[in-house]
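The values are calculated or read from the model by the stated rules, or taken from the named source; none is laboratory data. All values reported here derive from a predicted model rather than from experimental measurement. All Cβ positions, even for glycine, are placed from backbone atoms using ideal geometry, and neighbour counts span all protein chains on display.
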Amino acid sequence: MIYVGIDWADKNHWVFITDDTGSKLGSFSIENSPEGVQELFSRIRKVVKEQNQAIFALETSKGLLIDSILDAGYTVYPINPKAVDRYRDRYKVSGKKSDEFDALVLANILRTDRNNYQPLLPDSPLTRHLRTLTNEYKFLLRLKTKLSNQITSCLKDYYPVALSLFCKLGQQVSLNFLKKFDSPEAFEKLTKSKIKRFLSKNHYPGVEKKAEEVYHLSQEPQFNVEPSLASAKSLYMLTLVKQLETLLVSLETFEKEIEKLLNQHPDKDIFLSLPGSSTITSAKFISEFGDNRNRYKKISSVQAEAGTCPVTKQSGNQRFVYFRRACRKSFRDAACRFAFTSMKQSSWAKERYERYVGAGKKHPLALRCLANAWLEIIFPMWKNRTLYSEQRHLLKMVVKEQNLPLIKSGALVSVYY
């Protein structure tokens, strides 16, 4: 068996190869290119003939280099950079660091402590496609929030009344209004007939009532804004509105593509059966859990990776509980968002959340606790490919709380996940 540590970078990767005795079998640099990857495999094949005789360690779990190694049939272990930093002190306490030294540390981590780490277990191409789409969709949502905040800030500087006209700035009717009536002067000149025509054209419900409301606001005194300031701010605002409109179209395209892929995934019914779970939420859960059932052996591993359970430190009589920061942030975000939406359709989830808040927990902590409870339910569903049933779960809670025997008849066995 040989152990290959790779200190990856943008242009060149440093590779260190060792064996069970710790002997140096090779140390070299390869380019971040297809040719460089082929050179790496060529050198590996000179040492061992079979793919299962070589395992790789890197400080990342994604990227073209990782994909190439996995596609070639090799096993890859992703090592947390913080762990690598701690291992450096085992070799040199001076703090010295170099690419070759980091590659050596990575290779020796596998040689001495491989049992403490989990290899990458690739998901199906469909799941990887969904993961990429949902990750980029989340980035676009953040960009939408950023643009909406920029438009809000701009309007506050010269046209604040426009912020109180519609409930959401990021909806098409709001953007169309800003494009058509882009200044306080244009707003003050509005008539009821103009407002009605605009609302009707944009298919706004309750045209008469809304037209009366907007017209009343247009007749109230407004801030006195210099024409030059209004002109400059209007130009900036319209630029942001165009960007937000383009982004909204892109988000809709992403949503349709995510829904299309979700409908093809064999696990879709598992996550769609959850109360309050939307298409995006289900796709996100699939991308976070994956479809390789060997990835997680127990529920605590899922809860730790999702960051919903805390970290406990104990020494002697002292015991401290901390917020878990070392986790997959996207997983925690998905679990907490689902926990929030589940309260609308799940009676026990709402009751559990209110119990947490009543005990003095703040909203974010109460949500994490509820998400932690949900993962305890979702994990066996995912593992055993079963659907959620509120009635089944409530019955399970009753049995647990009253400490009833789990199996009294064959009929009760099917109640559990």
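Here are the numbers for this structure:
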| quantity | calculated |
| --- | --- |
| Candidate set: the stretch 348-363, residues that are assigned to a helix (DSSP H, G or I) and free of Cβ contacts under 8 Å to residues at least 12 places away in the same chain; chosen: the one surrounded by the fewest Cβ atoms within 10 Å (Cβ to Cβ) | Gly358 |
| Residue list for the stretch 305-332, restricted to those being among the charged types (D, E, K, R) and without any contact (Cβ under 8 Å) to a residue 24 or more places away in the chain | Lys313, Arg319, Arg324, Arg325, Lys329 |
| Conditions (1) more than 23 Å from Ala230 (Cα to Cα); (2) part of a helix (DSSP H, G or I); number of the one not met by Leu163 | (1) |
| Test: Thr132 is closer than 30 Å to Tyr236 by Cα and either surrounded by fewer than 14 Cβ atoms within 10 Å (Cβ to Cβ) or not assigned by TED's automatic domain parsing to the domain that holds Ser228 (or both) | no |
| Some residue of the stretch 179-196 being surrounded by 16 or more Cβ atoms within 10 Å (Cβ to Cβ) and on the phi > 0 side of the Ramachandran plot | no |
| Residue list for the stretch 201-214, restricted to those being farther than 12 Å from Phe177 by Cα and either more than 42 Å from the chain's Cα centre (by Cα) or part of a helix (DSSP H, G or I) (or both) | Val207, Glu208, Lys209, Lys210, Ala211, Glu212, Glu213 |
| Odd one out for Ala326, checked against (1) among the small types (Gly, Ala, Ser); (2) closer than 21 Å to Ser389 by Cα; (3) not in a helix (DSSP H, G or I) | (2) |
| Residue within the stretch 75-90 that is of a type in the set (Ser, Thr, Tyr), under 31 Å from the mean Cα position of the chain (by Cα) and surrounded by 19 or more Cβ atoms within 10 Å (Cβ to Cβ) present | yes |
| Leu140 vs. criteria surrounded by 13 or more Cβ atoms within 10 Å (Cβ to Cβ), modelled with pLDDT of 95 or more and of a type outside the set (Asp, Glu) | yes |
| Residues of the stretch 221-258 satisfying the condition of being outside any helix (DSSP H, G or I) and touching a residue at least 12 places away in the same chain (Cβ under 8 Å) | Gln222, Phe223, Val225 |
| Some residue of the stretch 36-45 being out of contact with any Leu (no Cβ under 8 Å at 6 or more places or on another chain), surrounded by fewer than 13 Cβ atoms within 10 Å (Cβ to Cβ) and farther than 19 Å from Val76 by Cβ | no |
| Condition broken by Ala57, with the remaining ones in (1) small (Gly, Ala, Ser); (2) at pLDDT 95 or above; (3) part of a helix (DSSP H, G or I) satisfied | (3) |
| Which listed residue is crowded, with 16+ Cβ neighbours inside 10 Å, more than 16 Å from Phe166 (Cα to Cα), hydrophobic (A, V, I, L, M, F, W, C) and touching a Cys at 6+ places or on another chain (Cβ under 7 Å), from Leu247, Leu240 | Leu240 |
| Condition check for Leu70: touching a residue at least 40 places away in the same chain (Cβ under 8 Å), buried (at least 19 other Cβ atoms within 10 Å of the Cβ) and in a helix (DSSP H, G or I) | no |
| Single condition Met1 does not satisfy, out of (1) touching a residue at least 60 places away in the same chain (Cβ under 8 Å); (2) within 15 Å of Ala107 (Cβ to Cβ) | (1) |
| Residue that is modelled with the highest pLDDT [pool: residues in the stretch 168-181 that are assigned to a loop (DSSP other than H, G, I, E, B) and under 21 Å from Val249 (Cβ atoms)] | Gln171 |
| Residue count for the stretch 166-178, restricted to those that are buried (at least 19 other Cβ atoms within 10 Å of the Cβ) and either touching a residue at least 40 places away in the same chain (Cβ under 8 Å) or under 18 Å from Asn224 (Cβ atoms) (or both) | 2 |
| For Lys82: the one exception among (1) more than 23 Å from Thr132 (Cα to Cα); (2) of a type outside the set (Val, Ile, Thr); (3) modelled with pLDDT of 90 or more; (4) in a helix (DSSP H, G or I) | (3) |
